[in-house]
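One structure below.
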Amino acid sequence: MTEARILEIGQIETPAGEIRFLLLPELDLFSRRAGRLRLLANGHSLGDYLTFLALLADAQQAALNRFPTLPPPDPRGLALCRKHGMPLLATRTMTRNPVWRESLTMILEQMSDAALPTATRETINSLMQASKIGLEEMADSVLAGDLDGIFPQELPFVAAALQVYWVKMASALGEESFGRLEQGGLCPVCGSPPVAGLVRSGGAEQGLRYLCCSLCASQWHMVRIKCSSCESTHGINHYILEGTNGAIKAESCDDCNRYLKLICLEKDRQMDATADDLATLALDMLMDEDGKARSGPNLFLHPGSG
Ligand SMILES: [Zn+2]
Ligand SMILES: [Zn+2]
């Protein structure tokens, strides 16, 4: 592991007034992620898992394409959220529409047609027969960030279904519906922590850092060289894996001792926050050895499986 050169803020930022604050997820998100996962799986030590996640992302895309149109959120609730600077689609406070379980059913049905190991097929069958209450409890655990509260084999399916539901809602509302939160490190759409940061490539956002939501894949702007967890601007260090091109760094903070990966799309525009984060677990292991903890989850990474 080598420490990377720290960039000068003045060299990389454009004036804040011109910056688009929020980029909502695009509706082909999951098919692009599936393609990326297949590419990364090639010759990778976690190839089987990445290939499984590619099939899951295909199923997410199919579920998103067929997902029913949702009624708009209650205007009084929206007004209240805006007044108090709360995310409109907050995972912890919004009443979840039970229709999210339809996306789970669609995903499970598509995955049951795939050639998968017996244990995975058993998980699919058991989730298909799970009670509504049981599924809602699993969803509660995932959305509260308590990934230990759900079995590792069940997590990817439940997380995948919740992602589809939140992506659908976020994209239906439009960017102008959302405002900034006081806590700059949480998703202004749903209040979840980021899976990774992306340095954008191309267009007006060239070279700017956006944090990518671990749940709804919305991206929101945060200046670079600032801890996304505690917002400190001191003691920020970048680490890269030796022998790599530095397209993916871990950005750590001395103040809170946490880190988040920073994925530089200028080096490869096909990179995907969720997929490329999973494909660089070696960097997480080194950060862990260094006593640094991740500041945001990857919903396809169970804490007990690392
Ligand atoms: Zn979000
Ligand atoms: Zn910090």
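The values are calculated or read from the model by the stated rules, or taken from the named source; none is laboratory data. Computed from a prediction, not measured in an experiment: that's the story for all the values here. Ideal geometry is used to build each Cβ from the backbone, glycine not excepted, and the neighbour counts take in all protein chains shown. Surface areas here come from the heavy atoms of the whole protein model, side chains and all, with no ligands, DNA or RNA. Shrake-Rupley method; radii C 1.70, N 1.55, O 1.52, S 1.80 Å.
Structure notes:
- Screening the candidates ILE240, ILE225, ILE248 for the property of being within 16 Å of ligand 2 (Cβ to nearest atom), open to solvent by 10 Å² or more (accessible area, probe 1.4 Å) and over 23 Å from PRO152 (Cβ atoms) yields one hit, ILE225.
- Filter pass, ASP48 being over 14 Å from ALA34 (Cβ atoms), surrounded by fewer than 15 Cβ atoms within 10 Å (Cβ to Cβ), modelled with pLDDT of 95 or more and not basic (Lys, Arg): yes
- Residue within region 179-199 that is away from ligand 1 (no atom under 16 Å from the Cβ) and at pLDDT 95 or above present: yes
- Taken over region 131-140, the criterion of being free of Cβ contacts under 8 Å to residues at least 40 places away in the same chain and surrounded by fewer than 17 Cβ atoms within 10 Å (Cβ to Cβ) is satisfied by SER131, LYS132, ILE133, GLY134, GLU137, ASP140.
- Count - residues of region 185-200 that are within 16 Å of ligand 2 (Cβ to nearest atom) and touching an Asp or Glu at 6+ places or on another chain (Cβ under 8 Å): 3
- Pairs where the first residue, in region 144-169, is under 14 Å from THR123 (Cα atoms) and part of a helix (DSSP H, G or I) and the second is small (Gly, Ala, Ser) and open to solvent by less than 50 Å² (accessible area, probe 1.4 Å), C-beta under 7 Å, 6+ apart: VAL158/ALA139
- Breaking point among (1) within 15 Å of ligand 2 (Cβ to nearest atom); (2) open to solvent by 10 Å² or more (accessible area, probe 1.4 Å), for ALA204: (1)
- Scan region 258-306 for residues that are within 16 Å of ligand 2 (Cβ to nearest atom) and closer than 29 Å to ALA161 by Cβ and the total you get is 9.
- Verdict on CYS253 being within 16 Å of ligand 1 (Cβ to nearest atom) and touching a strand residue (DSSP E or B) at 6+ places or on another chain (Cβ under 7 Å): no
- Within region 166-178, one or more residues are within 16 Å of ligand 1 (Cβ to nearest atom) and at positive phi.
- Residues of region 100-115 satisfying the condition of being assigned to a loop (DSSP other than H, G, I, E, B) and modelled with pLDDT of 95 or more: SER112
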